Amino acid sequence: MFRFIYVIVANVFRAPYMIPRMRRMAKHPEKYSEEQRYQLANHMIHLMQRSGRISTICTGSENLPEEGGYIMYPNHQGKYDALGIISVHRKPCTLVMDRNKSNSLLVKEFIDLLDGKRMDIKDIRQAMKIILEVSKEAADGKRFILFPEGGYDRNQNQVEDFKAGSFKSAMKAKVPIVPVALIDSYKVFNTFGFKKITTQVHFLKPIFYEEYQGMKTQEIASLVKQRIKDVIEEKLQHSKNRMVIS
């Protein structure tokens, strides 16, 4: 939490010109391309990383489909998760976020800038509306980040159960599902201290529609969860082995 407050304070002087700029670009997508808006979002993340002593390493970018839309399904650890993914995802993408957490200052502007979606998981009708919107836009070529765990409480590097309904958008759109393994992302804003932190983003091989078309959503959820869990355990074990050797 200390780092989160520090990052906000360290960049507060930028707010008077950054917030109006974000609002203007979000309000006029006819003037500012998706790439321009994504570039501004990444610039903001870079400023936050620099002031907060945060770095993110990435593997598996070659696994991301070159053409068409897809939905990324990462494990969920904290406030930095989507920012870490966006910072290493070269092409424009956006996210689906809990509506109740999406309207604070800067978060609201950031979501609007990326044309993100706000979902209220307690409102079944509204949630279904968002699922259909994501499905249509993904089918049209848009790339989304959607967290199937829902929340992150004290997950850390543990992977909790994935909600089967999260995968309905991908199924309806018939787009690739990209599992994403996040490691140490929770340390950015959920730990004390101010030492340098390095998080990891691993894009796993996509699961194409031909692979999952005959599966139930619960089966897909279990498959994606297991692939992410396996990678996290492998990477953490590798780190432990390196520490023992050194």
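The values are calculated or read from the model by the stated rules, or taken from the named source; none is laboratory data. None of the values given here were measured: they were computed from a predicted structure. Cβ atoms come from the backbone with ideal geometry, glycine included; neighbour counts cover every protein chain shown. Heads up: the accessible areas ignore ligands, DNA and RNA and are worked out on the full protein's heavy atoms, side chains in. Shrake-Rupley method; radii C 1.70, N 1.55, O 1.52, S 1.80 Å.
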Handout entry: Estimated Rh, region 1-65: Kirkwood, alpha-carbon pairs, angstrom
Key = 13.8 Å
Completion exercise
In Å², rounded to a whole number, the accessible area per residue of region 72-131 with probe 1.4 Å is 44 Å²
Exercise for the section: May I ask for the percentage of alpha-carbon pairs in the chain that lie more than 31 Å from each other? Expected result: 21 percent
Handout entry: Accessible carbon and sulfur surface of region 1-113 relative to its total accessible area, %, 1.4 Å
Key = 59 percent
Problem - trypsin sites (Lys or Arg not before Pro) within region 173-246, DSSP loop, no more than 13 other Cβ atoms inside 10 Å - result: Lys195, Lys196, Lys216
Handout entry: Inter-label distance for Asp140 and Glu219, nm, one decimal - labels placed 7 Å from Cα along Cα-to-Cβ
Key = 3.2 nm
Handout entry: region 92-212: radius of gyration and largest Cα-Cα distance (Dmax), Å
Key = 15.3, 47
Problem - Sites Tyr209 and Asp161, calculated FRET efficiency, Cβ-Cβ separation with R0 30 Å, nearest 0.05 - result: 0.80
Completion exercise
Calculated from DSSP helices alone, with each H run of at least 4 adding -39500 (n - 2.57) and the total divided by the residues of the chain, [θ]222 nm to the nearest 500 comes to -14500 deg cm²/dmol
Fill in the blank from the handout: Candidate cut points under GluC sites (Glu not before Pro) in region 50-150, DSSP loop plus at most 14 other Cβ atoms within 10 Å of their own Cβ, are Glu66, Glu67
Handout entry: Accessible area expressed per residue, region 152-242, with surrounding protein chains retained (probe 1.4 Å, Å²)
Key = 55 Å²
Completion exercise
Under the 7 Å Cα-to-Cβ spin-label approximation, Ala10 and Lys91 lie apart by a distance in nanometres of 3.3 nm
Practice task
Can you tell me the FRET efficiency between Phe2 and Thr59 if r is taken as the Cβ-Cβ distance and R0 is 25 Å, rounded to the nearest 0.05?
Solution key: 0.30
Practice task
Enumerate by residue number the chymotrypsin sites (Phe, Trp or Tyr not before Pro) in region 140-246 meeting two conditions: DSSP loop (anything except H, G, I, E, B), and at most 16 other Cβ atoms within 10 Å of the site's Cβ.
Solution key: Phe192, Phe194, Phe208
Practice task
Let me know the charge dipole size of the chain about its Cα centre in debye, to the nearest 20, where only the beta-carbon of Lys, Arg (+1) and Asp, Glu (-1) is charged.
Solution key: 840 debye
Problem - Under 5 Å, built H, 5+ apart or other chain: amide partners of Met119 - result: Met97, Asp98, Arg99
Practice task
Extending each Cα 7 Å along its Cβ direction at Leu236 and Ile19, get the distance between those two points in nm, one decimal.
Solution key: 3.9 nm
